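Here is the structure we will look at, set down as structure tokens.
The values are calculated or read from the model by the stated rules, or taken from the named source; none is laboratory data. No experiment lies behind these values; they were computed from the predicted model shown. Cβ placement follows ideal geometry from the backbone for every residue including glycine, while neighbour counts extend to all protein chains displayed.
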Amino acid sequence: MRFSLLFLFFLGYSTVFAQVKLESEQDKDGNVTIYANNTEVIPYTLVVDFSTLMNLTSSGGRTVFAVVNPGRSIVARLKKTNANQGSSYNYSTKLYKGSYLDKSKEEPFYLIPVQEGQKVRMQPMTHVENVYKKESENTSYVGTAFYLEESTTICAPRKGIVSDMKMDTQQTGTNLSFNASDNFIEIYHDDGTFTKLIVLESGSEKVKIGDIVYPGQALASSSGEKYSSGKHVRMVQSRLNKVDREIRQELIPVKLFDGEKEVSSKQAVSELISSHPENLISKEMSKKELKRLESK
């Protein structure tokens, strides 16, 4: 999205994204403040690239990287250089879901995202290009799949907030290998990572967008009966990273705990047993949340 404005007198302006509304205000001295109103339940990363700054200087430089938390926040301040001249600016914007700044102090553990006690087989997923482009092989990590012996409950692997979901697709066809319209639930974690759980039974959701969920909490029911590989759930973790002057979304492998040992989601494991140990469930909880858990 591009935006430009010539300031000759006090003026306010606003423009709207799907998730974030940007507003600019000018004070009596001609200085400009750009605000963002985020109406979503999670932060977004906003990149503002000023191609023109006439008689204005930006506090964040020509390219501003801002994390826009839910609510209203300041994105950039533009200071007028010469009080006796007019000023103008022009910029382009990019908006990314999540915060590129939040990081974990230590690498977190994830639970196997199924009901406790269930036996699963774990297999890293193949890139979708390999399904449609037989002549080449893309070995990029794209997540992992847990194959099930029977239908089961899909659970949250870590604490987070439900940031998105689509649960209204009835699977059709047979011998599927990939379906872009699969049902999913997405969870945003405090360290800026997302977990997306895919291949879920239509209408089986037990949570809604904005809910805080805890490790082991029931989210929905499994599906996959129409797939050639049978019943399974797919799990993908991602996060934003700033590389040079760009924001990129990267898919990342994670550490899983099966009750006895640590495994990587990059591994193929023929048998894992889902376990929900209390120390992992409580690890990311606040003191208030821990008191509530202890009182149950």
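For the stretch 229-262, give me each residue that is charged (D, E, K, R), within 19 Å of F65 (Cα to Cα) and touching a Phe, Trp or Tyr at 6+ places or on another chain (Cβ under 8 Å).
Residues satisfying the conditions are R239, K242.
Kindly indicate the residue of the stretch 86-120 that is polar (S, T, N, Q) and assigned to a loop (DSSP other than H, G, I, E, B) and also surrounded by the fewest Cβ atoms within 10 Å (Cβ to Cβ) among those meeting that condition.
Ranking the qualifying residues of the stretch 86-120, first place goes to S104.
Among the candidates V41, V67, V75, single out the residue that is in contact (Cβ under 8 Å) with a residue 24 or more places away in the chain and part of a loop (DSSP other than H, G, I, E, B).
From the options V41, V67, V75, the qualifying one is V41.
Here's a check for you: in the stretch 180-193, which residue that is polar (S, T, N, Q) and crowded, with 16+ Cβ neighbours inside 10 Å is farthest from D102 (Cα to Cα)?
That would be N183.
If we scan the stretch 121-130, do we find a residue that is under 26 Å from P253 (Cα atoms) and crowded, with 20+ Cβ neighbours inside 10 Å?
Within the stretch 121-130, the subset under 26 Å from P253 (Cα atoms) is 121-130.
Filter once more, keeping what is crowded, with 20+ Cβ neighbours inside 10 Å: 122.
Taking every residue of the stretch 121-130 in turn, at least one turns out to be under 26 Å from P253 (Cα atoms) and crowded, with 20+ Cβ neighbours inside 10 Å.
Looking at (1) of a type in the set (A, V, I, L, M); (2) assigned to a loop (DSSP other than H, G, I, E, B); (3) touching a Gly at 6+ places or on another chain (Cβ under 6 Å), which is the one condition that is false for A83?
Exception for A83: condition (3).
Quick grid of which residues meet (1) under 24 Å from K97 (Cβ atoms); (2) at pLDDT 90 or above:
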| site | (1), (2) |
| --- | --- |
| V236 | yes, yes |
| I252 | yes, yes |
| S270 | no, yes |
| H276 | no, yes |
| M285 | no, no |
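Test each condition in (1) at pLDDT below 90; (2) out of contact with any Leu (no Cβ under 7 Å at 6 or more places or on another chain) for V142 and report the one that comes out false.
Unmet condition: (2).
Taking the stretch 244-282, which residues are touching a Lys or Arg at 6+ places or on another chain (Cβ under 9 Å), of a type outside the set (D, E) and free of Cβ contacts under 8 Å to residues at least 60 places away in the same chain?
Matches in the stretch 244-282: R248, S264.
Pull out all pairs, ordered by first then second residue, where Cβ-Cβ is under 6 Å, the residues are six or more apart or on different chains, the first lies in the stretch 146-167 and is assigned to a loop (DSSP other than H, G, I, E, B), and the second is surrounded by fewer than 23 Cβ atoms within 10 Å (Cβ to Cβ) and of a type in the set (F, W, Y).
Short answer, once both residue conditions are applied: P157/Y110; R158/Y110; K159/Y214.
Name the residue, out of A76, A83, that is surrounded by fewer than 16 Cβ atoms within 10 Å (Cβ to Cβ), in the same structural domain as A36 (by TED's automatic domain parsing), farther than 22 Å from I187 by Cα and aliphatic (A, V, I, L, M).
None of the other options fit; the residue is A83.
Pick out, from the stretch 213-285, the strands (runs of 3 or more DSSP E) lying fully within it that include 2 or more residues that are surrounded by fewer than 16 Cβ atoms within 10 Å (Cβ to Cβ).
Here the list reads 232-243, 246-251, 262-264, 269-273.
Do the conditions hold for N84, that is, is it in contact (Cβ under 8 Å) with a residue 60 or more places away in the chain and more than 30 Å from C155 (Cα to Cα)?
no
Within the stretch 153-170, restricting attention to residues that are under 12 Å from T195 (Cβ atoms) and β-branched (V, I, T), which residue is surrounded by the fewest Cβ atoms within 10 Å (Cβ to Cβ)?
I161
Under 8 Å by Cβ, and 6 or more places apart or on different chains, what pairs join a residue from the stretch 112-141 that is within 26 Å of L219 (Cα to Cα) and outside the structural domain of I252 (by TED's automatic domain parsing) with one that is loosely packed, with under 11 Cβ neighbours inside 10 Å and modelled with pLDDT of 95 or more?
Listed pairs, sorted by first residue: none to list.
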